[in-house]
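Notes follow the structure.
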């Protein structure tokens, strides 16, 4: 097994630069992949997009969870997560009278709570 303290300096403090890199790359990839997820959603449809993004998210969770590649795990989770979110927004538009409640439920399930 790998050393569990790869983000700790010899003094015992966490290496802020490595965490900053992960956060920067994850945020940047989320924004860029949302631009690609929209056309993909239109091209192959919501069901296939959801399946593909779930596979990518699962791969990211495995990479991150088994400590294979933290950066690769963050990238995969960012790409798959934003695609799943966009599929939910598109499916929420199927019932226009309930768009607000569908969006708020999806955001609450994803771990964030927003008050509209």
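The values are calculated or read from the model by the stated rules, or taken from the named source; none is laboratory data. If you're wondering where the values come from, they're calculated on a predicted model, not measured in any experiment. No Cβ is skipped: glycine too gets one built from the backbone with ideal geometry, and neighbour counts run over all protein chains shown.
Residues considered: 97, 11, 20. Of these, the only one that is part of a helix (DSSP H, G or I), out of contact with any strand residue (DSSP E or B) (no Cβ under 6 Å at 6 or more places or on another chain), at pLDDT below 70 and on the phi < 0 side of the Ramachandran plot is 97.
Under the condition of being surrounded by 12 or more Cβ atoms within 10 Å (Cβ to Cβ), more than 16 Å from residue 85 (Cα to Cα) and over 14 Å from the mean Cα position of the chain (by Cα), the residues counted in segment 15-43 number 4.
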